[in-house]
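The values are calculated or read from the model by the stated rules, or taken from the named source; none is laboratory data. Please read all numbers here as calculations on a predicted model, not as lab measurements. Cβ: placed from backbone, ideal geometry, glycine included. Neighbour counts: every protein chain shown. Heads up: the accessible areas ignore ligands, DNA and RNA and are worked out on the full protein's heavy atoms, side chains in. Shrake-Rupley method; radii C 1.70, N 1.55, O 1.52, S 1.80 Å.
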Amino acid sequence: MRVLAVPCLSDNYAYLVVPDGQDTALVVDPSEAGPVLAALQRHGLRLGAILCTHHHWDHVGGNEALCAHLGPLPVFGHRSDLDRGRIPAQTHGLVDGERCAVLGLIVQILHIPGHTLGAVAYYIEPPGVVFTGDTLFLAGCGRLFEGTPAMMHTSLSRLAALPGETRVYCGHEYTLRNLEFAAVVEPDNHEIRWRRSRVQQLRDAGQPSVPGTMAEELRTNPFLRVEQPQVRRAACQREPALPLDAGPAEVLGVIRRWKDAY
Ligand code: ZN
Ligand code: FE
C-alpha cells in the first residue's frame with residue numbers, strides 16, 4: 001500500500017491510498033477536488049472511494065465535485081454525521097469498531113470525538129497507518145469545537161494505544177508550530193528539540209512532515225503526555241487553580257486552553 005500526501009488549501013492534506021498492485025486509490029479528506037484530480041492524473045490512478053475523518057469543510061469540500069467528475073463514489077464518515085447530513089455526498093455511516101473492506105483493504109474505524117462529535121480515525125494494517133484528521137496532529141491535537149477535554153483524552157488514549165510503529169497521517173501541516181508549543185510545555189524534553197530540527201529540515205526542503213510514528217507522538221506530543229509529571233507541573237503553573245488531584249483529562253483541558261491562546 002502506498003500513501004501519497006496531496007497538499008490542499010493553505011495547510012491541509014488529502015491522502016491517496018493505493019493498495020499494492022492496483023491503479024485505483026481511495027482518498028482521505030479531499031478538501032478540494034482540483035489538487036486531488038491532478039494527483040490522480042499525475043499518478044495514473046482512478047478513484048474508488050472517499051473517506052472523511054469529520055464534517056468540516058476543509059476536509060469534505062471536494063466530495064461533491066469529485067463525485068460529479070468521477071461518477072458516484074462511496075463516501076464514508078461517522079453514522080452521526082450521516083444522520084445529520086453534515087458530510088456532503090455521504091453514503092455510508094460508520095460506527096466505532098467497524099471494519100470495512102475498501103478496495104480490498106481492511107479499514108478499521110475508531111470513533112474519536114473531541115474536535116467534533118462525529119470524528120473518526122481510519123486505521124489500516126498492515127503496515128499500520130492511521131488517518132487522524134484534526135483529532136491528533138503531529139505533536140498536537142485539534143481544538144475542542146464540540147467535545148470535552150475528557151472525550152478528547154479518551155480519543156487520544158485510544159490512538160496512543162495503537163502500535164508504536166503506526167504511521168500517523170493528520171489533517172494539517174501544523175507540526176512545526178505544535179513542536180514550538182510542545183517545547184514551551186516541556187522545555188527539558190530533548191526529543192521535542194530533535195524532532196523540531198528534523199521537521200524544520202523537511203519543511204525547508206519543501207517536504208511534508210507527515211507521516212510521524214505513534215512512538216514519536218508518545219515522546220513529543222504534550223496532549224498524549226498529560227500523565228507525565230513535567231506536563232502536569234506545567235499545567236499547574238499555567239492554571240494555579242488546577243486541583244492537586246486533577247485527572248489527566250483536566251490537565252489536557254488546561255494544555256488545550258493554553259494552546260488556544262498561544
Ligand atoms: Zn476540523
Ligand atoms: Fe481541519
statement: Log entry, pairs with first residue in segment 92-109 being of a type in the set (A, V, I, L, M), second being outside any strand (DSSP E or B) and open to solvent by less than 70 Å² (accessible area, probe 1.4 Å), beta carbons closer than 6 Å, six or more apart or on different chains, reads Leu103/Pro19; Leu105/Pro19; Ile109/Glu98
message: So, restricting to strands (runs of 3 or more DSSP E) that lie completely within segment 71-160, which ones have at least 3 residues that are more than 14 Å from ligand 1 (Cβ to nearest atom)?
response: 92-94, 99-102, 105-111, 120-124
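Quick check on Ile50: is it open to solvent by less than 40 Å² (accessible area, probe 1.4 Å) and touching a helix residue (DSSP H, G or I) at 6+ places or on another chain (Cβ under 9 Å)? Spell out how you get there, then give the answer.
Values: open to solvent by less than 40 Å² (accessible area, probe 1.4 Å): yes; touching a helix residue (DSSP H, G or I) at 6+ places or on another chain (Cβ under 9 Å): yes.
Taking the combined requirement at face value, the residue satisfies it.
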- prompt: For segment 241-262, which residues satisfy the criterion of being surrounded by 19 or more Cβ atoms within 10 Å (Cβ to Cβ) and in contact with a Phe, Trp or Tyr (Cβ under 8 Å, 6 or more places away or on another chain)?
  reply: Leu252, Ile255, Arg256, Lys259
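Here are some residues: Asp260, Asp245. Which one is more than 17 Å from Gly171 (Cα to Cα), of a type in the set (Asp, Glu) and part of a helix (DSSP H, G or I)? Walk me through how you get there before you give the answer.
Details: Asp245 fails: part of a helix (DSSP H, G or I).
Step by step, each of Asp260, Asp245 is checked, and only Asp260 is more than 17 Å from Gly171 (Cα to Cα), of a type in the set (Asp, Glu) and part of a helix (DSSP H, G or I).
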message: For segment 141-153, which positions are away from ligand 2 (no atom under 16 Å from the Cβ) and within 15 Å of the chain's Cα centre (by Cα)?
response: His153
field: Matching residues in segment 1-37 - criterion: being among the charged types (D, E, K, R) and not in a strand (DSSP E or B)
entry: Asp11, Asp20, Asp23, Asp29, Glu32
- prompt: Quick one: which of Arg177, Arg233, Arg167 is basic (Lys, Arg) and touching a strand residue (DSSP E or B) at 6+ places or on another chain (Cβ under 7 Å)?
  reply: Arg167
Scope segment 161-198; condition assigned to a helix (DSSP H, G or I) and crowded, with 22+ Cβ neighbours inside 10 Å; matching residues: Thr175, Asn178, Leu179, Ala182, Val185, Ile192, Arg195
field: Checklist (1) in contact (Cβ under 8 Å) with a residue 40 or more places away in the chain; (2) surrounded by fewer than 20 Cβ atoms within 10 Å (Cβ to Cβ) applied to Gly114, failing item
entry: (2)
